[in-house]
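Here the structure is laid out as C-alpha coordinates; the discussion comes afterwards.
The values are calculated or read from the model by the stated rules, or taken from the named source; none is laboratory data. Bear in mind the structure is a predicted one, so any value in this text is a computation, not a measurement. As a convention, Cβ positions derive from the backbone with ideal geometry for all residues, glycine included, and neighbour counts pool all protein chains shown.
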Amino acid sequence: MSKTLNHGFVEPVLKTLNVPVQDLTYGRELIPISSAEKILRSEPYVHSEFKIPFPYNGNTNKFIYYQTWFLPTANVIRDIDIVFIHGLNDYGGRFAEVCIPILEQGFRIIAPDLPGFGRSSGLHAYFTDTQELIDAVHFVINHVKEQNALTNKHTKTILYGESLGGMIVLTYAIKHPETFEAFNALCPLVHVSPESRPPKVAEMVAKVLIKTPLGRLPLVAAHRGKFSSDPMIEQDFDDDPMTYSGNLRCSTGLALQSNIEWLGANLKEIKKPFLVQHGLNDRATDCKGSKDLYEQAQTPANEKSILLYEGCEHIMLRDPVAGNKVFKDSLDWFVSMDAKLKS
(Lines give C-alpha, C1' and ligand atoms only; values in the text may rest on other atoms or scores of the structure.)
Protein backbone atom coordinates (compact mmCIF):
# COMPACT_ATOMS: atom_id res chain seq x y z
CA MET A 1 0.00 0.00 0.00
CA SER A 2 2.84 2.42 0.81
CA LYS A 3 4.34 1.88 -2.67
CA THR A 4 0.95 2.50 -4.29
CA LEU A 5 0.54 5.75 -2.39
CA ASN A 6 4.06 6.85 -3.21
CA HIS A 7 3.90 5.98 -6.93
CA GLY A 8 0.31 7.05 -7.44
CA PHE A 9 0.18 10.23 -5.38
CA VAL A 10 3.54 11.45 -4.07
CA GLU A 11 5.71 11.00 -7.18
CA PRO A 12 3.34 12.79 -9.57
CA VAL A 13 3.38 15.78 -7.23
CA LEU A 14 7.18 15.71 -7.04
CA LYS A 15 7.32 15.49 -10.84
CA THR A 16 5.28 18.67 -11.19
CA LEU A 17 7.84 20.31 -8.88
CA ASN A 18 10.71 19.03 -11.09
CA VAL A 19 12.07 16.82 -8.31
CA PRO A 20 13.91 13.94 -10.07
CA VAL A 21 13.42 10.26 -9.25
CA GLN A 22 16.63 9.00 -7.62
CA ASP A 23 16.49 5.42 -8.97
CA LEU A 24 15.08 5.31 -12.49
CA THR A 25 14.45 1.54 -12.22
CA TYR A 26 12.72 1.80 -8.82
CA GLY A 27 15.14 -0.72 -7.33
CA ARG A 28 15.00 -3.31 -10.10
CA GLU A 29 18.53 -2.62 -11.31
CA LEU A 30 19.85 -3.66 -7.88
CA ILE A 31 18.12 -7.06 -7.86
CA PRO A 32 20.72 -9.86 -8.24
CA ILE A 33 20.67 -11.77 -11.50
CA SER A 34 18.79 -15.06 -11.52
CA SER A 35 20.47 -18.47 -11.42
CA ALA A 36 19.40 -19.09 -15.05
CA GLU A 37 21.04 -15.82 -16.15
CA LYS A 38 24.21 -16.74 -14.25
CA ILE A 39 24.55 -19.90 -16.33
CA LEU A 40 24.52 -17.88 -19.56
CA ARG A 41 27.16 -15.52 -18.15
CA SER A 42 29.70 -18.30 -17.72
CA GLU A 43 31.64 -20.53 -20.14
CA PRO A 44 31.03 -21.86 -22.70
CA TYR A 45 28.44 -19.10 -23.30
CA VAL A 46 29.35 -15.58 -24.36
CA HIS A 47 27.32 -12.82 -22.70
CA SER A 48 27.10 -9.09 -23.30
CA GLU A 49 24.89 -6.45 -21.72
CA PHE A 50 24.12 -2.86 -22.68
CA LYS A 51 22.31 0.08 -21.15
CA ILE A 52 21.57 2.47 -24.00
CA PRO A 53 20.07 5.99 -23.76
CA PHE A 54 16.46 6.13 -24.85
CA PRO A 55 15.35 9.76 -25.30
CA TYR A 56 11.66 8.99 -25.77
CA ASN A 57 9.57 12.17 -26.05
CA GLY A 58 12.66 14.21 -25.32
CA ASN A 59 13.25 12.63 -21.89
CA THR A 60 17.04 12.34 -21.60
CA ASN A 61 17.01 10.19 -18.44
CA LYS A 62 15.40 7.07 -19.92
CA PHE A 63 17.45 4.02 -20.88
CA ILE A 64 16.93 0.51 -22.27
CA TYR A 65 18.76 -2.53 -20.92
CA TYR A 66 19.35 -5.59 -23.07
CA GLN A 67 21.46 -8.75 -23.02
CA THR A 68 22.94 -10.97 -25.72
CA TRP A 69 23.67 -14.68 -25.36
CA PHE A 70 25.68 -16.85 -27.73
CA LEU A 71 27.24 -20.33 -27.73
CA PRO A 72 30.42 -20.32 -29.87
CA THR A 73 30.87 -24.09 -29.40
CA ALA A 74 27.56 -24.94 -31.16
CA ASN A 75 27.94 -27.43 -34.01
CA VAL A 76 26.50 -24.90 -36.48
CA ILE A 77 26.95 -21.13 -36.22
CA ARG A 78 24.09 -19.23 -37.83
CA ASP A 79 24.19 -15.57 -38.80
CA ILE A 80 20.79 -14.91 -37.28
CA ASP A 81 19.84 -12.93 -34.19
CA ILE A 82 16.67 -14.00 -32.38
CA VAL A 83 15.29 -10.85 -30.72
CA PHE A 84 13.04 -12.02 -27.90
CA ILE A 85 10.33 -9.59 -26.71
CA HIS A 86 8.90 -10.55 -23.33
CA GLY A 87 5.29 -10.42 -22.19
CA LEU A 88 3.44 -8.09 -19.85
CA ASN A 89 4.92 -7.86 -16.33
CA ASP A 90 7.90 -10.01 -17.37
CA TYR A 91 11.49 -9.19 -18.39
CA GLY A 92 13.95 -10.38 -21.03
CA GLY A 93 16.31 -12.14 -18.64
CA ARG A 94 13.70 -14.73 -17.65
CA PHE A 95 13.98 -16.19 -21.16
CA ALA A 96 17.31 -17.59 -19.92
CA GLU A 97 15.31 -20.34 -18.20
CA VAL A 98 14.25 -21.96 -21.49
CA CYS A 99 16.42 -20.65 -24.32
CA ILE A 100 19.52 -22.88 -24.23
CA PRO A 101 18.33 -25.20 -27.08
CA ILE A 102 18.16 -22.13 -29.36
CA LEU A 103 21.77 -21.27 -28.48
CA GLU A 104 22.80 -24.89 -29.08
CA GLN A 105 21.45 -24.51 -32.63
CA GLY A 106 23.90 -21.67 -33.26
CA PHE A 107 21.59 -18.66 -33.02
CA ARG A 108 22.43 -15.56 -30.99
CA ILE A 109 19.70 -14.27 -28.67
CA ILE A 110 19.01 -10.59 -28.01
CA ALA A 111 16.85 -10.13 -24.88
CA PRO A 112 15.77 -6.54 -24.13
CA ASP A 113 13.77 -5.34 -21.15
CA LEU A 114 10.92 -3.13 -22.35
CA PRO A 115 10.51 0.34 -20.78
CA GLY A 116 9.14 0.01 -17.25
CA PHE A 117 10.22 -3.63 -16.96
CA GLY A 118 13.32 -5.51 -15.83
CA ARG A 119 16.47 -3.41 -15.67
CA SER A 120 15.20 -0.72 -18.06
CA SER A 121 14.12 2.62 -16.64
CA GLY A 122 10.56 3.47 -15.66
CA LEU A 123 7.95 2.78 -13.01
CA HIS A 124 7.26 -0.95 -12.98
CA ALA A 125 4.64 -2.05 -15.55
CA TYR A 126 3.65 1.54 -16.35
CA PHE A 127 3.43 3.14 -19.77
CA THR A 128 1.01 5.56 -21.38
CA ASP A 129 1.57 4.69 -25.03
CA THR A 130 2.70 1.41 -26.60
CA GLN A 131 4.61 3.48 -29.17
CA GLU A 132 7.25 3.80 -26.45
CA LEU A 133 7.67 0.02 -26.49
CA ILE A 134 7.85 -0.08 -30.29
CA ASP A 135 10.50 2.64 -30.31
CA ALA A 136 12.47 0.80 -27.64
CA VAL A 137 12.64 -2.35 -29.78
CA HIS A 138 13.70 -0.21 -32.74
CA PHE A 139 16.46 1.39 -30.64
CA VAL A 140 17.75 -2.03 -29.58
CA ILE A 141 17.76 -3.46 -33.10
CA ASN A 142 19.58 -0.39 -34.43
CA HIS A 143 22.09 -0.60 -31.58
CA VAL A 144 22.74 -4.28 -32.30
CA LYS A 145 23.40 -3.44 -35.94
CA GLU A 146 25.79 -0.67 -34.90
CA GLN A 147 27.67 -3.09 -32.64
CA ASN A 148 27.80 -5.66 -35.44
CA ALA A 149 29.25 -3.08 -37.82
CA LEU A 150 32.13 -2.44 -35.42
CA THR A 151 33.32 -6.02 -35.99
CA ASN A 152 32.21 -6.21 -39.63
CA LYS A 153 29.56 -8.76 -38.63
CA HIS A 154 26.41 -9.08 -40.72
CA THR A 155 23.42 -10.87 -39.24
CA LYS A 156 19.78 -11.34 -40.12
CA THR A 157 17.05 -10.74 -37.55
CA ILE A 158 14.07 -12.81 -36.47
CA LEU A 159 11.65 -11.31 -33.94
CA TYR A 160 10.21 -13.63 -31.29
CA GLY A 161 7.51 -12.31 -28.95
CA GLU A 162 4.96 -13.70 -26.52
CA SER A 163 1.65 -12.15 -25.41
CA LEU A 164 2.35 -8.40 -25.09
CA GLY A 165 5.65 -9.13 -26.84
CA GLY A 166 3.68 -10.76 -29.66
CA MET A 167 1.54 -7.63 -29.99
CA ILE A 168 4.69 -5.48 -30.07
CA VAL A 169 6.22 -7.73 -32.75
CA LEU A 170 3.11 -7.48 -34.95
CA THR A 171 2.94 -3.70 -34.56
CA TYR A 172 6.66 -3.44 -35.23
CA ALA A 173 6.25 -5.58 -38.36
CA ILE A 174 3.86 -3.00 -39.74
CA LYS A 175 5.90 0.06 -38.78
CA HIS A 176 9.48 -1.14 -39.38
CA PRO A 177 9.38 -4.09 -41.83
CA GLU A 178 12.72 -3.14 -43.39
CA THR A 179 14.67 -3.86 -40.19
CA PHE A 180 14.13 -7.64 -39.88
CA GLU A 181 13.48 -10.79 -41.92
CA ALA A 182 10.72 -12.79 -40.17
CA PHE A 183 8.85 -13.17 -36.88
CA ASN A 184 7.41 -15.80 -34.56
CA ALA A 185 4.51 -14.68 -32.35
CA LEU A 186 3.33 -16.70 -29.34
CA CYS A 187 -0.24 -16.03 -28.10
CA PRO A 188 -0.07 -12.42 -29.38
CA LEU A 189 -2.31 -9.85 -27.72
CA VAL A 190 -4.62 -9.12 -30.64
CA HIS A 191 -7.86 -9.91 -28.78
CA VAL A 192 -8.36 -10.18 -25.01
CA SER A 193 -10.01 -13.40 -23.88
CA PRO A 194 -13.48 -12.85 -22.38
CA GLU A 195 -12.25 -14.24 -19.03
CA SER A 196 -9.64 -11.46 -18.73
CA ARG A 197 -11.58 -8.48 -20.05
CA PRO A 198 -11.96 -5.85 -17.30
CA PRO A 199 -15.49 -4.66 -16.45
CA LYS A 200 -16.76 -1.70 -18.46
CA VAL A 201 -17.02 0.37 -15.29
CA ALA A 202 -13.30 -0.17 -14.63
CA GLU A 203 -12.49 1.12 -18.12
CA MET A 204 -14.70 4.16 -17.52
CA VAL A 205 -12.95 4.91 -14.23
CA ALA A 206 -9.53 4.46 -15.85
CA LYS A 207 -10.40 6.94 -18.61
CA VAL A 208 -11.11 9.52 -15.94
CA LEU A 209 -8.01 8.76 -13.91
CA ILE A 210 -5.55 9.01 -16.81
CA LYS A 211 -6.47 12.67 -17.15
CA THR A 212 -4.98 13.15 -13.68
CA PRO A 213 -1.67 12.04 -12.09
CA LEU A 214 -3.54 8.95 -10.87
CA GLY A 215 -3.12 7.04 -14.16
CA ARG A 216 -0.33 5.13 -12.43
CA LEU A 217 -2.74 3.44 -10.02
CA PRO A 218 -3.13 -0.37 -10.31
CA LEU A 219 -6.87 -0.82 -10.86
CA VAL A 220 -7.87 -4.30 -12.08
CA ALA A 221 -6.52 -7.85 -11.89
CA ALA A 222 -7.08 -8.37 -15.66
CA HIS A 223 -5.39 -11.68 -16.63
CA ARG A 224 -3.87 -12.48 -13.23
CA GLY A 225 -4.72 -16.03 -12.16
CA LYS A 226 -5.49 -17.05 -15.74
CA PHE A 227 -2.00 -17.94 -16.99
CA SER A 228 -2.12 -21.69 -16.42
CA SER A 229 -4.05 -24.49 -14.77
CA ASP A 230 -0.80 -25.35 -12.95
CA PRO A 231 -0.64 -22.99 -9.94
CA MET A 232 3.13 -23.45 -9.66
CA ILE A 233 3.69 -21.72 -13.01
CA GLU A 234 2.13 -18.49 -11.78
CA GLN A 235 3.73 -18.94 -8.35
CA ASP A 236 7.19 -19.19 -9.93
CA PHE A 237 6.43 -15.98 -11.83
CA ASP A 238 5.32 -14.16 -8.67
CA ASP A 239 8.35 -15.41 -6.72
CA ASP A 240 10.76 -13.78 -9.15
CA PRO A 241 11.58 -10.34 -7.68
CA MET A 242 12.11 -8.90 -11.17
CA THR A 243 8.54 -9.57 -12.38
CA TYR A 244 5.50 -7.41 -11.61
CA SER A 245 2.72 -9.08 -9.61
CA GLY A 246 0.39 -6.14 -9.03
CA ASN A 247 -2.84 -5.16 -10.74
CA LEU A 248 -2.91 -3.58 -14.19
CA ARG A 249 -2.21 0.16 -14.03
CA CYS A 250 -4.88 2.45 -15.49
CA SER A 251 -2.71 4.07 -18.16
CA THR A 252 -1.10 0.75 -19.10
CA GLY A 253 -4.48 -0.93 -19.63
CA LEU A 254 -5.85 1.86 -21.80
CA ALA A 255 -2.62 2.02 -23.84
CA LEU A 256 -2.95 -1.71 -24.51
CA GLN A 257 -6.59 -1.33 -25.52
CA SER A 258 -5.67 1.46 -27.94
CA ASN A 259 -2.98 -0.69 -29.58
CA ILE A 260 -5.34 -3.67 -29.79
CA GLU A 261 -7.86 -1.54 -31.70
CA TRP A 262 -5.18 -0.15 -34.02
CA LEU A 263 -3.69 -3.56 -34.67
CA GLY A 264 -7.07 -5.10 -35.46
CA ALA A 265 -7.55 -2.53 -38.20
CA ASN A 266 -4.05 -2.96 -39.65
CA LEU A 267 -3.24 -6.69 -39.68
CA LYS A 268 -3.61 -6.60 -43.46
CA GLU A 269 -0.43 -4.46 -43.59
CA ILE A 270 1.74 -7.36 -42.40
CA LYS A 271 3.75 -8.89 -45.24
CA LYS A 272 6.76 -10.53 -43.58
CA PRO A 273 7.19 -14.33 -43.20
CA PHE A 274 5.86 -15.56 -39.86
CA LEU A 275 4.80 -18.39 -37.59
CA VAL A 276 2.03 -17.71 -35.06
CA GLN A 277 1.29 -20.16 -32.22
CA HIS A 278 -1.60 -20.13 -29.78
CA GLY A 279 -3.12 -22.36 -27.12
CA LEU A 280 -6.78 -23.22 -27.56
CA ASN A 281 -7.29 -22.98 -23.77
CA ASP A 282 -5.76 -19.49 -23.48
CA ARG A 283 -7.74 -17.41 -20.96
CA ALA A 284 -5.63 -14.25 -21.33
CA THR A 285 -5.33 -13.64 -25.09
CA ASP A 286 -7.99 -15.00 -27.43
CA CYS A 287 -6.71 -17.35 -30.15
CA LYS A 288 -9.15 -15.63 -32.53
CA GLY A 289 -6.51 -12.89 -32.76
CA SER A 290 -3.96 -15.34 -34.14
CA LYS A 291 -6.50 -16.68 -36.61
CA ASP A 292 -7.25 -13.11 -37.74
CA LEU A 293 -3.54 -12.48 -38.19
CA TYR A 294 -3.11 -15.56 -40.35
CA GLU A 295 -6.17 -14.78 -42.48
CA GLN A 296 -5.60 -11.04 -42.93
CA ALA A 297 -1.82 -10.73 -43.28
CA GLN A 298 -0.67 -10.19 -46.86
CA THR A 299 2.29 -12.52 -46.35
CA PRO A 300 2.38 -15.10 -49.19
CA ALA A 301 0.60 -18.32 -48.22
CA ASN A 302 3.81 -20.38 -48.39
CA GLU A 303 5.56 -17.98 -45.99
CA LYS A 304 3.04 -17.93 -43.13
CA SER A 305 2.02 -20.67 -40.69
CA ILE A 306 -0.35 -21.02 -37.75
CA LEU A 307 -0.18 -23.73 -35.08
CA LEU A 308 -2.92 -24.18 -32.47
CA TYR A 309 -2.46 -26.46 -29.45
CA GLU A 310 -5.17 -28.47 -27.70
CA GLY A 311 -5.13 -28.02 -23.93
CA CYS A 312 -2.45 -25.33 -24.04
CA GLU A 313 -2.91 -22.19 -21.95
CA HIS A 314 -1.32 -18.74 -21.97
CA ILE A 315 2.19 -19.42 -20.65
CA MET A 316 2.98 -21.49 -23.70
CA LEU A 317 6.70 -22.23 -23.30
CA ARG A 318 6.11 -23.54 -19.76
CA ASP A 319 2.73 -25.17 -20.38
CA PRO A 320 2.54 -28.64 -18.74
CA VAL A 321 0.50 -30.04 -21.66
CA ALA A 322 2.12 -28.57 -24.77
CA GLY A 323 5.15 -26.54 -23.69
CA ASN A 324 7.78 -28.87 -25.13
CA LYS A 325 5.92 -29.14 -28.44
CA VAL A 326 5.49 -25.36 -28.66
CA PHE A 327 9.20 -24.76 -28.11
CA LYS A 328 10.28 -27.49 -30.54
CA ASP A 329 7.97 -26.09 -33.23
CA SER A 330 9.50 -22.63 -32.77
CA LEU A 331 13.03 -24.00 -32.90
CA ASP A 332 12.32 -26.09 -36.01
CA TRP A 333 10.86 -23.00 -37.68
CA PHE A 334 13.95 -20.92 -36.80
CA VAL A 335 16.16 -23.58 -38.42
CA SER A 336 13.95 -23.72 -41.50
CA MET A 337 14.03 -19.91 -41.79
CA ASP A 338 17.82 -20.00 -41.63
CA ALA A 339 17.85 -22.36 -44.62
CA LYS A 340 15.36 -20.19 -46.54
CA LEU A 341 17.26 -16.97 -45.85
CA LYS A 342 20.47 -18.55 -47.13
CA SER A 343 18.90 -19.74 -50.37
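At a glance:
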item: The stretch 285-302 residues that are of a type outside the set (S, T, N, Q), paired with ones that are surrounded by fewer than 12 Cβ atoms within 10 Å (Cβ to Cβ) and modelled with pLDDT of 95 or more (beta carbon under 6 Å, 6 or more apart); result: none
item: Members of the stretch 118-160 that are out of contact with any His (no Cβ under 7 Å at 6 or more places or on another chain), part of a loop (DSSP other than H, G, I, E, B) and of a type outside the set (S, T, N, Q); result: 118, 119, 122, 124, 125, 126, 127, 129, 153, 154
item: Yes/no for residue 247 being closer than 30 Å to residue 27 by Cα, surrounded by fewer than 23 Cβ atoms within 10 Å (Cβ to Cβ) and free of Cβ contacts under 8 Å to residues at least 40 places away in the same chain; result: yes
item: For residue 311: the one exception among (1) under 29 Å from residue 179 (Cβ atoms); (2) in contact with a strand residue (DSSP E or B) (Cβ under 8 Å, 6 or more places away or on another chain); (3) surrounded by fewer than 21 Cβ atoms within 10 Å (Cβ to Cβ); result: (1)
item: First in the stretch 64-90 and in contact (Cβ under 8 Å) with a residue 60 or more places away in the chain and farther than 16 Å from residue 148 by Cα, second anywhere and charged (D, E, K, R) and crowded, with 19+ Cβ neighbours inside 10 Å, Cβ under 6 Å, 6 or more apart; result: 87/162
item: Members of the stretch 184-203 that are among the aliphatic types (A, V, I, L, M) and at pLDDT below 80; result: 201, 202
item: Whichever residue in the stretch 315-343 is out of contact with any helix residue (DSSP H, G or I) (no Cβ under 9 Å at 6 or more places or on another chain) and assigned to a loop (DSSP other than H, G, I, E, B) and, among such residues, is surrounded by the most Cβ atoms within 10 Å (Cβ to Cβ); result: 321
item: Only listed residue being of a type outside the set (Phe, Trp, Tyr), surrounded by 22 or more Cβ atoms within 10 Å (Cβ to Cβ) and within 17 Å of the chain's Cα centre (by Cα), chosen from 140, 98; result: 140
item: Number of positions in the stretch 287-303 that are among the hydrophobic types (A, V, I, L, M, F, W, C) and either in contact with a helix residue (DSSP H, G or I) (Cβ under 9 Å, 6 or more places away or on another chain) or at pLDDT below 95 (or both); result: 2
item: Given (1) modelled with pLDDT of 95 or more; (2) surrounded by 20 or more Cβ atoms within 10 Å (Cβ to Cβ); (3) out of contact with any strand residue (DSSP E or B) (no Cβ under 6 Å at 6 or more places or on another chain); (4) of a type in the set (A, V, I, L, M), number of the condition residue 267 does not satisfy; result: (2)
item: Complete set of residues in the stretch 41-68 that are in contact with a helix residue (DSSP H, G or I) (Cβ under 9 Å, 6 or more places away or on another chain) and of a type in the set (Ser, Thr, Tyr); result: 45, 48, 56, 65, 66, 68
